[in-house]
Structure formats: structure tokens, C-alpha cells
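Asker: Here it is, the structure, as C-alpha cells.
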Amino acid sequence: MIKLEGVRLPPGGGEADLRARAARLLRLRPADLRELRVLRRSVDAREGVSVMYTVAVSVEHESAVLRRCRKAVRWEAGPAYRLPGVLPPPELPPVVAGAGPAGLFAALVLAEAGQRPILLERGRPVEARKADVERFWSSGELDLTSNVQFGEGGAGAFSDGKLSTGTKDLRHRFILERLVSCGAPPDILVDAKPHVGTDYLHMVLRNLRRELMALGADIRFETRLEDLCAADGKLTAIEVSGPAGGERLPCQSLILCPGHSARDTFEMLCRRGVPMEAKPFAVGLRIEHRQADCDAAQYRQYAGHPGLPVSTYKLSCHLPGGRGVFSFCVCPGGEVVAAASEPERVVTNGMSEFARDRENINGAILVNVTPEDFGGDGSPLAGVEFQRRLEGAAYALGGGGYRAPAQRVEDFLARRPSAGPGRVRPSYRPGVTWTDLHACLPPFVSAALEEALPLLGQKLRGYDAPDAVLTAVESRSSSPVRISRGPDGQSALGGLYPCGEGAGYAGGILSAAADGMKAAESLLANLRQGDETL
């Protein structure tokens, strides 16, 4: 087949237009194209507004067409990811702790290999979890085991479901195709910025759970990893707590997928001497604009066109002092959500459904922080304590009840409290308290945000608009720790395989799922090597 990149169509162009445009670029008639397959689709709003396609086409006399068309290149589908081969199930089944993206896909690889893994999840299934989260948002009644951070699907289950990543990996296509087979929109296979949406994610999680169980996985909800037991530097058992109480579970292979908010797990690992370190991460605020204003700034006369998705953005700047400020987890047509997992701490995140049809767009505006910023005398948990201080200050400033402190951008830059909203109405529930956010932010974070907002406004018109709403605090953008592992995927404690975002090795749904798969592959490779040496 022939690959063509940069096939440009105006908004609203359909399949017939795409075939006609591709045929013109190849100097052929549309009827000469035997097959056309869309490989990638994106929106280019830099000069005018166009929908850009990369397509693969099948034609007769392919070599002749390639010689006369410089834009065309020969294309063949790249190598596909291949699951590891099936192994006899071990006497003790491997255990996976955490049912976020890393844990789910680690369990899937193990189950496909015939290992009948045990999957532990401290929270509840997504159906019950959804009700628990909605109750928290409506009433401020926080469930410490079932919330935006904990439960089936991990933190990503209440997000925009973005599947973008800056890394390339054969596993990514496998993950996307598996998600589609479980009910995700097929467009995620071609969109340059694929997203599933919270509503579709919940359906996908239910179907993936059924698939795992059909493959022999033993899924145990409301079951938390409490401790590790070891002898001679190797894992021998784990202690868990569940609905029936505590249990000591013999275990020689544990894939640990803790999520970035499993602070009690980090503390347990520290007590057990598992090597880990504090790592850089980022903190800041959520910023909220009217979606229509963002569309107008980027799409201009095409704003609101039915052939275009709602607009999004990705912004960053490096300040003269060397600190970076950037957007993160942007949720078009979404809402700012309460994401606390500990008592009397306010945490914000963003979420949108597949339709992305709410009034506002929101995203994090974050400032890079390093261990030098949060101190802690070298403690691997210094970043955790830094996060807790920010979240506690935000709770106090919000006035309790998990209300979040909020401020208009104009007032934030003028360092005066806000009295109420302007054109942008905040979406956070249980509600916001208008105040001055400087009171809950470290001075270096406040100063960086003040400096960055006008600079980012030069890159995206209206980003620093007076009525844009800032809500505190965004503190869980990534894990504050990294759990060390060797080339074989194991910790210094033999049999322990840390992976995913919480372990410090991923940065989103897709990369976390891929890292979980790598951990399962490492475990299987070590099992296979052990069998060969017997």
C-alpha cells in the first residue's frame, strides 16, 4: 500500500472528499483507489483550520505511482505486539496489587499466559465506586476506600480518558485495540489526541473485568495490601485486609501497581526497607475557561463547526529563573472535580465525558517542583508530606466540607481576594469559596504562576482572561516517589515488581498500562528462566 501524509480537508469534509483529495495528490481518479484506510487524524489550526489525515491507499501499478508522486511512500503495517507464550500455572499464583491501568493490563497479560493471577483492589467495582464519588461531590461525604483515587480503573476512571503519550511502544496499539473491543469508541485508533471519556471508560472497565474473569483471574475488591513478608531477600507472603478481615497470603511474585495516591503503601514500603526515592513532580491549580471562548481563540470563524471537535490546548513556558510552568490534563467540555482521598484535604482534578459538551474547559496549570523545593532531609516521602501540606492548607482556606478555594485570574494577579465569579462559572462540587489563593500556595509556586499566566496568554488568546477561574489545589499530577527496580523489573526484594504511575514509571493511562504489561512480561520471563534451570 501507499502512505500519504498531510492530506488536508476543510472542516466537515467526508469520506468522498478524502478519497478525492488523496486521488488528486496521487494524480489518479477516485475510482482508481481500491482501498483507503485512515491511519491518523488531527486538527491543524495554525494557518486557517483544517483536518489533517494520514492515509494508506491501495492502487494498481503502485511502483509507477510512487515514482511520479514525491509525497507518497510505500507502507506496510508495522509489527504487532505479541503476547508472551502460555506457561504452566505456578503453584502459587502471581498477585497484582492495584486495578488501575497498570494493574489491569498486567493481570491481562498474566491471565492470557495461563497464570490465573489474583488481582487485589482496595476500592470497589466501578458501578459502586461511581455512586460513592457522586455522593461525595453532592454532599462532601468522603469514602476513604472508594473515591476518585481508589477503586476499579484507578484515578484515570474519573478523568477525560485521554490516551495521548509522548512515548512509542508496540503495546500501545494492543492496548487501544483491547479497549475498543471492550466498548471504547473506535476513533481512538486514528485520532492524534484520542480520548474515551469517563462515561465510556466505566463501560470499558466492566467489560475488561468480565474478560479477566473469563481468563481465570481472581479479582478481589475492597482488599488492601497491608504488608510484605520476606526471607533471604525474597518475597514469601503478603498480608492483606478485606471484607472478611486480615489474611496472610503466600506469594512469591507480586506486581505492585500502587497509583500515585497510595500513601499508606509508600509508608509500608519504607518501613520494610524497599528502595525508593523522592522524585520531582509538579503542583499548581486548575484553571477554567468557557469552552466557547477557547474555540473562538483557536478556530476563529470555524468555532462551533459540527465537523470539528471542541478545542483543547497544550501550553508551557520556561521562566527566566529556570522553573517550568505547563498545562496538564486538559479536559475540554468538562468539569473540575473533587479528588481527595484523605480526610480534611482538598485535591482537584479534571474530568469530561465522551461528548465533551459542558460549558467550560479546564486544565491544570502546574509548576515543576524538586526535592530541593520540598526538603525533608532526604526522606523518600518528603514529596508526600509536601503534597499533604498543600492539600491541608487548601481545605482550611476553603472553609471545610471539601469546598475548594477559588479566585478569578485578574484578582490572583492583583493579589486581592475574589468576591465571586464573572463570566466563567466554576464547576467544582461540593462548591467553592472565593478567596485569595496565595494563602494556600508556597511563595515560589505563586510567583511562578503570576509570571507564567500572561506569558501563556500570549500563546493562547484569553488564557489569562480576567474572569478565568483558578481552583486550588492540583497536587496529584504524578507520583512523588520512584520505587527502584532493576533491569529484570524486580525491586531489590526478589519477587516484587513495582510498575505504573504510582511507582514512578509512567505518566498517564496508556503509558501506565504499557508499563504494567512490561512488568508482567518480566515476571513471565523470570518464571520461564527458572523452569529452564530446573
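Asker: Can you give the longest run of the chain that contains no GluC sites (Glu not before Pro) sitting in a DSSP loop with at most 11 other Cβ atoms inside 10 Å?
Answerer: 92-534
Asker: Still on this structure, I have one more. How large is log10 of I(q)/I(0) for region 384-534 at q = 0.08, 0.21 Å⁻¹ when the intensity is taken from the Debye formula with one equal scatterer per alpha-carbon?
Answerer: The calculated log intensity ratios at q = 0.08, 0.21 Å⁻¹ are -0.39, -1.22.
Asker: Could you tell me how far the Cα centroid of region 269-313 sits from the Cα centroid of region 404-445, in Å?
Answerer: Taking the Cα centre of each part, region 404-445 and region 269-313 sit 18 Å apart.
Asker: Net charge near GLY378: determine it from the other residues with C-beta under 12 Å of the C-beta of GLY378, scoring Lys and Arg +1 and Asp and Glu -1.
Answerer: Once all neighbours under 12 Å are counted, the net charge is -3.
Asker: What does the convex hull of the alpha-carbon atoms of region 69-137 project to on average, in nm²?
Answerer: The Cα convex hull of region 69-137, projected and averaged over all directions, gives 9.2 nm².
Asker: Using only protein heavy atoms and a 1.4 Å probe, report how much of ASP295 is accessible, in Å² to the nearest 10.
Answerer: Result for ASP295: roughly 20 Å² accessible.
Asker: Let's see if you can work this out: charge +1 on each Lys and Arg Cβ, -1 on each Asp and Glu Cβ, no other charges. What is the dipole magnitude of the chain about its Cα centre, in debye to the nearest 20?
Answerer: 1940
Asker: Using the C-alpha gyration tensor of region 230-356, what are the square roots of 5 times its eigenvalues, in whole angstrom, with the largest one first?
Answerer: Rounded to whole Å, the semi-axes are 43, 20, 14.
Asker: Counting DSSP beta bridges with both partners in region 86-234, what percentage is antiparallel, nearest 5?
Answerer: Here the share of antiparallel DSSP bridges comes out near 20 percent.
Asker: Student exercise: in the chain, how many lysine pairs 8 or more apart or on different chains have Cα atoms under 14 Å apart?
Answerer: Count of close lysine pairs: 6.
Asker: Taking the solvent-accessible surface of protein heavy atoms with a 1.4 Å probe, what is the per residue accessible area of the chain in Å²?
Answerer: Result: 42 Å² of accessible area for each residue.
Asker: For region 330-469, build the charge dipole from Cβ charges (+1 Lys, Arg; -1 Asp, Glu) around the Cα centre, then report which of SER341, ALA419, VAL409 sits farthest towards its positive end.
Answerer: ALA419
Asker: Net charge within 12 Å of CYS182 by Cβ-Cβ distance, Lys/Arg positive one each and Asp/Glu negative one each, not counting CYS182 itself?
Answerer: Charge balance near CYS182 sits at +2.
Asker: Can you find, among PRO94, LEU110, LEU25, the residue sitting farthest towards the positive end of the charge dipole of the chain, where Lys and Arg contribute +1 and Asp and Glu -1 at Cβ?
Answerer: Farthest along the dipole direction, towards plus: LEU25.
Asker: The chain: Rg/Rh from Cα coordinates, Kirkwood Rh?
Answerer: Radius of gyration over Kirkwood radius for the chain works out to 0.99.
Asker: Now a separate question. Apply the Karplus curve 6.51 cos²θ - 1.76 cosθ + 1.60, θ = phi - 60°, to the phi angles in region 96-107 and return the couplings in whole Hz, x for Gly and Pro.
Answerer: So the J values, rounded to whole Hz, are 10, 9, x, 10, x, x, 4, x, 5, 7, 5, 4.
Asker: Okay, helix-only estimate at 222 nm for the chain: each DSSP H run of n ≥ 4 adds -39500 (n - 2.57), divide by all residues, round to 500 deg cm²/dmol; what do you get?
Answerer: That comes out to -9500 deg cm²/dmol.
Asker: Please identify the trypsin sites (Lys or Arg not before Pro) of region 126-219 that satisfy two criteria: DSSP loop assignment and at most 14 other Cβ atoms within 10 Å. Which are they?
Answerer: Answer by residue number: LYS168.
Asker: Where the centroid of each part is defined by its Cα atoms, how far is region 147-202 from region 459-514 in Å?
Answerer: What the calculation gives is 16 Å, centre to centre.
Asker: Could you work out the local net charge near SER146, counting Lys and Arg as +1, Asp and Glu as -1, over the other residues with Cβ closer than 13 Å to its Cβ?
Answerer: Neighbourhood net charge equals -2.
The values are calculated or read from the model by the stated rules, or taken from the named source; none is laboratory data. Just so it is clear, the model here is predicted, and its values are computed rather than measured. Note: ideal-geometry Cβ built from the backbone for every residue, glycine included; neighbour counts use all protein chains shown. What goes into the accessible areas is simple: the full protein's heavy atoms, side chains included, and nothing from ligands, DNA or RNA. Shrake-Rupley method; radii C 1.70, N 1.55, O 1.52, S 1.80 Å.
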